[in-house]
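Below: one structure, written as structure tokens.
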Amino acid sequence: MKLNELGLEKDDIKNMYDTYFYETFKRFDFIAEGGHDAYLVDETGKEYLDFMAGIAVNSAGHCNPKVVEAIKAQCETLIHASNYCYTIPQGMLAKLICESIGMEKIYFQNSGAEANEVMMKLARKYGKDNYGPNRYKIVTASNSFHGRTLATLAATGQPGSAIQHNYDPFIPGITYAEYNNLKAFEEACDEDTIAVMVEPIQGEGGVIPATKEFLQGLRKLCDERDMLLLFDEVQTGWGRTGSLMAYMGYGVKPDCVSMAKAMGGGMPIGAMCTSAKLALTFGPGAHGSTYAGNPVCCAASYAQIKEIIDNNLSDNSAKMGEYFSGLLAKLPHVKEVRGHGLMIGVEFDKDIATDVKYNSADNGLLMTAVRPSVIRLVPPLNVTKEECDKAFEIIDKVVKELV
Ligand SMILES: Cc1ncc(COP(=O)(O)O)c(C=O)c1O
């Protein structure tokens, strides 16, 4: 849809939001009307270098031609059938994902929060099925983000934050331990704990990578105490950190991994993948969802993942990530540049992240601010050196004007 084709003005759309919409996001002052490659296009035709990528979603670029083609072809064949039927895209996607990341079973969902929700359900059921009624506790990390459903909010270790305020009481059996502190996790886990759940890089928490020792230590701890290791790779998955899944880069395999965002090329899809150990936990009736694994979303996801794999976008992510991080370290007022691949956080020594975000947008570059002093840059994985140079120039100019 385009404004001029509809005979509408920008303010007509903004008024629709003001009148009818529960506004929980502070939006950029433009209408996202189109997109191609690394660019988002507004209603005036202005192009923004999109280093937000739909919050780490458009990893193979906006409207990637292969993804568009797959969506169109599937829409003309079958849009929805229900999970009582076998469908071709769902079967093919299940095989592609499991075989590419060394997992045995998959369950599709519609979003990242739902993928985590089902991962937590599976862990609880596995605990109770195998060890009795008290074995259902899950330990997650402080400062984590796992989603906004009631269970995933409970798992999100940000007590007192706006995202959790007045949604309590949460589901019981979840406690938090300090991220990257193995001893804290050892102490937080008791005989009723069935799982530990962490992000390999905390994204919303400020782009904080786990140390290798921490993840290796968690693997050992879970093995020793018969607990499950759950990785939330909703944001880190599918090439973002320089390997297909972040756990492959770390060399630490979880029992179960959740994914969403980049896997759908912009279509709403998520999934949980497990090792063989958990294969028998779900049987008929144990879980379900009307739309999950919808044929159009699966066809899009198949095309998107093939694009990532066939074009070695993980490698480009690692290469460009190193190049871009090196540039960003030269910005004024930088305290730290961190992350892996093209999941990059820049921490300034001042609380300027929100101003950097909006002033950069005015200058044609999009990003998110994840903490008062931290901006997050997650460009498409096929971003070029020239695009990184251009992004750096904009941020450099904006920061110099601000401080
Ligand atoms: C690590 C992580 N888990 C879960 C979620 C929730 O995903 P969704 O917004 O698709 O529900 C997010 C979203 O930012 C995330 O970054």
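The values are calculated or read from the model by the stated rules, or taken from the named source; none is laboratory data. Predicted model only: the values in this text are computed from it and were never measured. Every residue, glycine among them, receives a Cβ derived from its backbone with ideal geometry; neighbour counts consider all protein chains shown.
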Index of the failed condition, P332 passing every other in (1) surrounded by 20 or more Cβ atoms within 10 Å (Cβ to Cβ); (2) in contact with a helix residue (DSSP H, G or I) (Cβ under 6 Å, 6 or more places away or on another chain): (1)
Residue in segment 115-128 that is farther than 24 Å from V252 by Cβ, assigned to a helix (DSSP H, G or I) and in contact with a Cys (Cβ under 9 Å, 6 or more places away or on another chain) present: no
Hits in segment 199-221 (condition: crowded, with 24+ Cβ neighbours inside 10 Å, assigned to a loop (DSSP other than H, G, I, E, B) and touching a residue at least 60 places away in the same chain (Cβ under 8 Å)): G203, V207
Residues satisfying the stated conditions in segment 135-175, i.e. surrounded by 14 or more Cβ atoms within 10 Å (Cβ to Cβ), in a loop (DSSP other than H, G, I, E, B) and more than 15 Å from the ligand (Cβ to nearest atom): R135, Y136, F170, I171, G173
Test: residue in segment 97-108 that is under 19 Å from R148 (Cβ atoms), within 16 Å of the ligand (Cβ to nearest atom) and within 21 Å of the chain's Cα centre (by Cα): no
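Report whether or not L244 is surrounded by fewer than 24 Cβ atoms within 10 Å (Cβ to Cβ) and in the same structural domain as Y136 (by TED's automatic domain parsing).
Yes, satisfied.
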Test: F282 is of a type in the set (A, V, I, L, M, F, W, C) and either within 13 Å of the ligand (Cβ to nearest atom) or in a loop (DSSP other than H, G, I, E, B) (or both): yes
Some residue of segment 238-257 being away from the ligand (no atom under 16 Å from the Cβ), polar (S, T, N, Q) and at pLDDT 95 or above: yes
